[in-house]
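J.: The structure's right below; bear with me while I get my questions together.
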There are 2 protein chains.
Amino acid sequence: MALDHTGTISPAELRLAARNHGLPLEALAYDVTPAGLHYLLTHYDIPVVDPASFRLRVGGLVGRELSLSLDELRARPAVTHVVTLECAGNGRTGLSPRPVGQPWVVEAVGTAEWTGTPLRGVLEEAGVVDGAIEVLFGGLDTGTEDGEIVRYERSLSPADAHRDEVLLVYAMNGQPLLPQHGAPLRLVVPGWYGMASVKWLDRITLIDYEFGGHHQRESYCLRQAPEDEGVPLSRMQPRSLLIPPGIPDSGSRERTLAAGPVTVRGRAWSGRGKIVRVEVSIDGGASWSDARLAPAASDYAWRAWEWDWDAQPGEHELCCRAGDAAGNVQPLEPTWNLGGYINNEVQRVPVTVVSQLDV
Amino acid sequence: MALDHTGTISPAELRLAARNHGLPLEALAYDVTPAGLHYLLTHYDIPVVDPASFRLRVGGLVGRELSLSLDELRARPAVTHVVTLECAGNGRTGLSPRPVGQPWVVEAVGTAEWTGTPLRGVLEEAGVVDGAIEVLFGGLDTGTEDGEIVRYERSLSPADAHRDEVLLVYAMNGQPLLPQHGAPLRLVVPGWYGMASVKWLDRITLIDYEFGGHHQRESYCLRQAPEDEGVPLSRMQPRSLLIPPGIPDSGSRERTLAAGPVTVRGRAWSGRGKIVRVEVSIDGGASWSDARLAPAASDYAWRAWEWDWDAQPGEHELCCRAGDAAGNVQPLEPTWNLGGYINNEVQRVPVTVVSQLDV
């Protein structure tokens, strides 16, 4: 992956930023992210799929191959989970030198009500044959990587694929899945970075080898140098984001806030354990106070938090920091890697507090 | 407005690009843009508005002031129009030096089914008093511009405000208006650039002076130098966009296509007259062929077009060019202005055609 040392964004990256989009931070106000505000990362083009002729094929090392229509999938037991998904590249632009790619700041996250049928039931119906060591999920999205044609594919271990919460999803927030979120069918793997939740899913193959495709072993791996073997990414590290208080400047997005009591609000999540602590700082991380945590909507959804601040005139740098039950805590500084993944350093929001602000 | 001479995007502009987003060009496939794929430009923060306590206030030079709840607005005569909206800053990054601001490439467009009640009926009920020369529309979105607090406000002439097609809108694509598109109420002014369609609209004021607010006379004006008075923008110039054929590279978005017959498809629109012609070029604009035009869904919606191409191996630059009934035709080169507005130069899509492509 190329590196940028200039601190600026190239025209090619801008084309990506114009297509993909993050959650505007004020939309952290919603427990469930409204349609169109959930983060979106499309590797190639959004496929246009006819739901009437669509089939999910299940094959490979199975007792019997399946070909399931959307109606057949909808007729199966349905489950809805509230799930927070985050892009593994979130925070990429905080790294220096910056890995070239979709230039996420910190907003590549969203929470939706995903409705579908448990993957496990479909796997049990197909009957996984001894010798199958991975479940391979294939999407309909196709493009090129360094001149090679690549379809989007990812695998899971049979144990991960059989977890209760892993769903074959056809609805989002009570509506049919939108094209850009994988219509007519996608995988949702709660707790994992978004890359595992394969969109436009049309085939599941049980295989007897370790899948080594581009999106499994080339991208979405942690490495320090191109020759490193790389460690595939899986579950989300903890992160907290706050709603920037006050009002923004239209160009710089710098914030101005009136002095006085203000409740700072945000959301925190982790794929590695329940969020057990969120701390807030108004001095750039020099000192911290504990925020109040609200219950999460599910084991896979972010937790809302809030913290009361008596804002005094002057310049402040607000930060928040989440920790999970597994002992993972957000770092104050990024950890560099070649792909620009999982930079969960604490968010920093500079705010100018003025004695009066007549809005 | 500051100018960038480097050809790269600053971190501040990237924060804008991460929030705002364009229509992914493959989504030109849809007559009506699905939720979340319509372009989105938010000047400040997306307000969170309680629809239950919301009121639209109509005042100023009126016979009687109105305060209308959302239920009262919904109980009025309802109209649905299919309308194409485009941001006035679309094409900004095609200018050199580049005006600093939301760095649109060409995708700042979308088409939706907007449902609401005609503005005219509300104005007639309030009774416009003699001496009112403008209708001022106020949004709830607020921020700062060069240190000054600004609420989003725009005006129309009484004649423009009374046009049949101007709506007070509470639904989009058959669903309640989404927060980012102006919930619970917005103006939609078909034919005009998007800045006229004030979102989060909560007050309409009849005034006896020419409104000179920031978004009317400072931004959204054509000028060559900061001291110019500036010409306010109004109706959309024609533009055509094509769906880039073939498959994209994930990073560069460069396209690869298999040789052979391919139907090139796109959409064209203008706010100044019906689209009467779309031409396609495969040689960067050296020669042109006429595309077939489909009927538009309404007088305010884009027209689909298609053109049959027998793609031969090699490098090609696809272009398309729209013209309207008023005689406006897209230029081959941009016309520079300080704000980076209405650059409707023809789209250019480089494509590599290969003899075989096994997708």
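The values are calculated or read from the model by the stated rules, or taken from the named source; none is laboratory data. Note that the structure is predicted; figures quoted are calculated from it, not measured. As a convention, Cβ positions derive from the backbone with ideal geometry for all residues, glycine included, and neighbour counts pool all protein chains shown. Each accessible area value is taken on the protein alone, full model and side chains, heavy atoms only, with ligands, DNA and RNA left out. Shrake-Rupley method; radii C 1.70, N 1.55, O 1.52, S 1.80 Å.
J.: What residue, of A:W200, A:W192, is over 15 Å from the mean Cα position of the chain (by Cα), crowded, with 20+ Cβ neighbours inside 10 Å and aromatic (F, W, Y)?
T.: Residue meeting the stated conditions: A:W200.
J.: Just the residues that are open to solvent by 30 Å² or more (accessible area, probe 1.4 Å), in contact (Cβ under 8 Å) with a residue 60 or more places away in the chain and closer than 27 Å to A:A296 by Cβ, please, taken from the stretch A:113-140.
T.: Hit for the stretch A:113-140 is A:E113, nothing else.
J.: Another one. Among the residues of the stretch B:208-219, write down those that are in contact (Cβ under 8 Å) with a residue 24 or more places away in the chain, open to solvent by 10 Å² or more (accessible area, probe 1.4 Å) and not polar (S, T, N, Q).
T.: Residues satisfying the conditions are B:D208, B:Y209, B:E210, B:F211, B:G213, B:H214, B:E218.
J.: Same structure, new question: Taking the condition of being more than 7 Å from chain A (Cβ to nearest Cβ), part of a loop (DSSP other than H, G, I, E, B), open to solvent by 10 Å² or more (accessible area, probe 1.4 Å) and of a type outside the set (S, T, Y), how many residues in the stretch B:15-35 meet it?
T.: Residues flagged as more than 7 Å from chain A (Cβ to nearest Cβ), part of a loop (DSSP other than H, G, I, E, B), open to solvent by 10 Å² or more (accessible area, probe 1.4 Å) and of a type outside the set (S, T, Y) within the stretch B:15-35 amount to 2.
J.: Additional query: Right, A:R203: basic (K, R) and in contact with a Pro (Cβ under 8 Å, 6 or more places away or on another chain) or not?
T.: Criteria not met by A:R203.
J.: So, one more: Kindly evaluate A:V351 against the criterion of being open to solvent by less than 30 Å² (accessible area, probe 1.4 Å), touching a Lys or Arg at 6+ places or on another chain (Cβ under 8 Å), more than 26 Å from B:E145 (Cα to Cα) and β-branched (V, I, T).
T.: No.
J.: How many residues are touching a Pro at 6+ places or on another chain (Cβ under 9 Å), within 14 Å of chain A (Cβ to nearest Cβ) and surrounded by fewer than 20 Cβ atoms within 10 Å (Cβ to Cβ) when one looks only at the stretch B:149-177?
T.: Residues that pass the stated criteria total 1.
J.: Another question about this same structure. Does B:G7 meet the test of being part of a loop (DSSP other than H, G, I, E, B) and surrounded by fewer than 22 Cβ atoms within 10 Å (Cβ to Cβ)?
T.: So B:G7 passes the test.
J.: Looking at B:V79, is it farther than 30 Å from B:R98 by Cα, open to solvent by 20 Å² or more (accessible area, probe 1.4 Å), more than 8 Å from chain A (Cβ to nearest Cβ) and within 24 Å of the chain's Cα centre (by Cα)?
T.: yes
J.: Would you pick out the residues in the stretch B:36-55 that are of a type in the set (A, V, I, L, M) and open to solvent by 30 Å² or more (accessible area, probe 1.4 Å)?
T.: B:V48, B:V49, B:A52
J.: Test of understanding: among B:T93, B:T6, which residue is free of Cβ contacts under 8 Å to residues at least 12 places away in the same chain and within 11 Å of chain A (Cβ to nearest Cβ)?
T.: One residue alone meets the criteria, B:T6.
J.: Still on this model: Quick one: which of B:G110, B:G116, B:G127 is under 16 Å from the mean Cα position of the chain (by Cα) and more than 10 Å from chain A (Cβ to nearest Cβ)?
T.: Just a single option satisfies the conditions, and that option is B:G110.
J.: Does any residue of the stretch A:112-122 turn out to be modelled with pLDDT of 95 or more and under 27 Å from A:G340 (Cα atoms)?
T.: yes
J.: Out of curiosity, is B:P261 touching a residue at least 24 places away in the same chain (Cβ under 8 Å), open to solvent by 30 Å² or more (accessible area, probe 1.4 Å), more than 30 Å from B:P190 (Cα to Cα) and away from chain A (no Cβ under 14 Å)?
T.: Against the criterion (touching a residue at least 24 places away in the same chain (Cβ under 8 Å), open to solvent by 30 Å² or more (accessible area, probe 1.4 Å), more than 30 Å from B:P190 (Cα to Cα) and away from chain A (no Cβ under 14 Å)), B:P261 qualifies.
J.: Criterion first (more than 14 Å from chain A (Cβ to nearest Cβ), touching a residue at least 12 places away in the same chain (Cβ under 8 Å) and open to solvent by less than 40 Å² (accessible area, probe 1.4 Å)) does B:V276 satisfy it?
T.: No.
J.: Since B:D71 meets every condition but one in (1) closer than 27 Å to B:R303 by Cβ; (2) open to solvent by 10 Å² or more (accessible area, probe 1.4 Å); (3) more than 10 Å from chain A (Cβ to nearest Cβ); (4) among the acidic types (D, E), which condition does it not meet?
T.: Of everything listed in (1) closer than 27 Å to B:R303 by Cβ; (2) open to solvent by 10 Å² or more (accessible area, probe 1.4 Å); (3) more than 10 Å from chain A (Cβ to nearest Cβ); (4) among the acidic types (D, E), B:D71 misses just condition (1).
J.: Also: Does A:V58 satisfy being of a type outside the set (D, E), surrounded by fewer than 19 Cβ atoms within 10 Å (Cβ to Cβ), modelled with pLDDT of 95 or more and farther than 30 Å from A:R303 by Cα?
T.: no
J.: I've got another one for you. Does the stretch A:95-111 hold any residues that are modelled with pLDDT under 95 and β-branched (V, I, T), and which are they?
T.: The answer is A:V100, A:V105.
J.: Please go through the stretch A:282-304 and pick out each residue that is more than 22 Å from A:H316 (Cα to Cα) and crowded, with 17+ Cβ neighbours inside 10 Å.
T.: Hits for the stretch A:282-304 are A:L293, A:A296, A:A297, A:Y300, A:A301, A:W302, A:R303, A:A304.
J.: Under the condition of being within 13 Å of another protein chain (Cβ to nearest Cβ) and more than 22 Å from B:P103 (Cβ to Cβ), which residue from the stretch B:318-359 is modelled with the lowest pLDDT?
T.: That would be B:V359.
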